[in-house]
Structure formats: structure tokens, C-alpha cells
Amino acid sequence: MASNVPLSLFLCFFISICHAHAGKISVYWGQNGGEGTLAETCATGNYQFVNIAFLPTFGNGQSPMINLAGHCDPYSNACTGLSSDIESCQARGIKVILSIGGGAGSYYLNSTEDAREVATYLWDNFLGGKSANRPLGKAVLDGIDFDIEGGTNLYWDDLARYLSNYGKRGKKVYLTAAPQCPFPDYYVGKALETGLFDYVWVQFYNNPPCQYSSGMASLEKAWKDWNTVPAGQIFLGLPASPQAAGSGFVPAGDLTSQVLPEIKDSGKYGGVMLWSKYYDTGYSSSIKSHV
Ligand SMILES: *[C@@H]1O[C@H](CO)[C@@H](O)[C@H](O)[C@H]1NC(C)=O
């Protein structure tokens, strides 16, 4: 990837359409059986990251359990068929990430040791390790997304360190997070300070103080704060339709004419995250050439 940057900058001098700052779109998939398959999601060509949502049950000694709504039944081990979809996404260059937590989960870590055990579980069951009962089958996911919105704010930094260390021994484990836009984030703020996160999709919705509806100044202030986090890239997280969230939807025209021009020049701008595939009935298509 790194070598593409100078090339694209170079080409900018000769080609009228300059995409040196082209961002990416990250989407959540998994919480509505009516949103199409994972393979179909990737085949749209609109996304560079797909977060499989969610692993909502883990930690404190609980048996970890995924929940993919109407897509498949994990209790009868019926989600293993997703492996071929995951691999078809990866063959397109799309990173497929398991999102842990979510808005309605039952999760927290009770100690550093618990964080280590959860990291080992994730490595063996979803990443480069081995287990007889991998919930999504043999496909090796690209990383883990911390969508921590409940429980406690403890030991997430430990979980990030353990996961990152596994990634040094085998295939890299991308770490991503989905904090709320009020800065800093209560749940994952400390984990982000580890500097181990590659991508942070900040939820600029359901958060009136920092979302676009409160004015560009509020959004820009939060965006600047988020750009101080020692992470690879920051994404603007948005609902894919007005129905996708309680508040925070930004019409595509406003996004491309008002919001993106103000944030794209910041050093850590990575693109846009959308919640979720189910609600994305045209939004990503209308914004993708502007992201
Ligand atoms: C903490 O979690 C571990 C699993 O890592 C569990 O075995 C233990 O019972 C839990 N401890 C408490 C005090 O709940």
C-alpha cells in the first residue's frame, strides 16, 4: 500500500481526477437477515472493510457466543458456511473484521487474565489459531473491532495488547474500534492510547453534541480531537439512512458538499463508516466517489 501513495500523488500531476486523498468505506453487516449475504455485500464494490456484527457475549467466564440475527444460527453451528463468503470478500481485497460488543451485549472483562483468555479465544476461533469449533469456519478474519458500549471500561487495553501480540506471531491482527464521538470515549479511550489500533470508526450519530445536526463547528471540534488519537486512521461513522439511528443522519448532498471537504485534509482521515448494510440502500453508492 505504502508504495501506492507516492504513485497516486505523482499521477495527480498528470490526471485531472486526483484521488490522492481517496478514502474508504467501512460497513457493519450481520444484524439483519434481510440485508443480503456477506458475499453480496462485498460484491457491491462499495466497501473496503466489513465488520461482522457481533460477538456480544464474552468475558467474565461466559461462553463466547456470536449473534448474526437472521443470517444463521450459531447454536447449531450453522454459521460456519460464512467461511466461503469471508474468503470471497478477502479475495477482493476487502478486510473482514469481527466486531465484539455492540449496543445490546453482555460483556465485560474482569481482569488482565480474563483479557488474555478472551484474546486466546478470539485468536483460536476467528483468527490465525486453531480450534475444533470455529463459529465462522476455517476462514481467518483480518482483525477485531472493539465496539464496546457497555459493561465496564477496564482491561480493553490489555485485550488490545494480547491480540496485537498474537498478530506478531502469525497473520497480522488489525485492531479497530467504534467509539462514540464525545471525546475521549469512556469505554475504549484508554485502549486507544496503546497506539495499537489501525482504524477508528467514530460514531457521529446518536450523539447530538458532536454530530452534524448540531452544526459543522461541533462536528469539526470532535473530529480534531479524534485526530489526536495515536491510531492509524480515523473514519467518520454515520447512519446509512435516517432509520438506521435515533439521530445523526447526514443527507448525501450535505456530506459531500459540507462535511467531507472540511475533514478530508486532516492527516488521519481514512473515510466513512456506515451503520449498517441493511440500511444502505443507496447511500454508499451516492457518496463513494467523494469519500
Ligand atoms: C473472571 O473471569 C474468569 C474467566 O476469565 C472466571 O473464571 C472467573 O470466575 C471470573 N472471576 C470473577 C471473580 O467473577
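General remarks:
- Screening ASP265 against (1) under 22 Å from GLY101 (Cβ atoms); (2) touching a residue at least 60 places away in the same chain (Cβ under 8 Å) leaves a single unmet condition, (1).
- Criterion: within 19 Å of the chain's Cα centre (by Cα) and farther than 20 Å from ILE52 by Cβ - qualifying residue of ASP157, ASP142: ASP157
- Selection of region 54-75 for residues being among the small types (Gly, Ala, Ser) and under 17 Å from GLY33 (Cα atoms) yields ALA69, GLY70.
- Whichever residue in region 103-129 is out of contact with any Ser or Thr (no Cβ under 8 Å at 6 or more places or on another chain) and not in a helix (DSSP H, G or I) and, among such residues, is nearest to the ligand (Cβ to nearest atom): ASN110
- Residue within region 177-195 that is of a type in the set (Val, Ile, Thr) and in contact with a Pro (Cβ under 6 Å, 6 or more places away or on another chain) present: yes
- You will find that of PRO209, PRO182, the residue that is in a loop (DSSP other than H, G, I, E, B) and open to solvent by less than 60 Å² (accessible area, probe 1.4 Å) is PRO182 and no other.
- Cβ pairs under 8 Å, 6+ apart, first in region 61-78 and under 22 Å from TYR278 (Cβ atoms), second within 15 Å of the ligand (Cβ to nearest atom) and hydroxyl-bearing (Ser, Thr, Tyr): MET65/THR57; ASN67/THR57
- Filtering PRO230, PRO251 for residues that are farther than 18 Å from GLY23 by Cα and under 17 Å from the mean Cα position of the chain (by Cα) leaves a single hit, PRO230.
- Some residue of region 134-147 being β-branched (Val, Ile, Thr), over 13 Å from LEU98 (Cβ atoms) and out of contact with any Phe, Trp or Tyr (no Cβ under 6 Å at 6 or more places or on another chain): no
The values are calculated or read from the model by the stated rules, or taken from the named source; none is laboratory data. What you see is a predicted model, and the numbers here were worked out from it, not measured in a lab. As a convention, Cβ positions derive from the backbone with ideal geometry for all residues, glycine included, and neighbour counts pool all protein chains shown. Heavy atoms of the whole protein, side chains included, go into the accessibility calculation; ligands, DNA and RNA do not. Shrake-Rupley method; radii C 1.70, N 1.55, O 1.52, S 1.80 Å.
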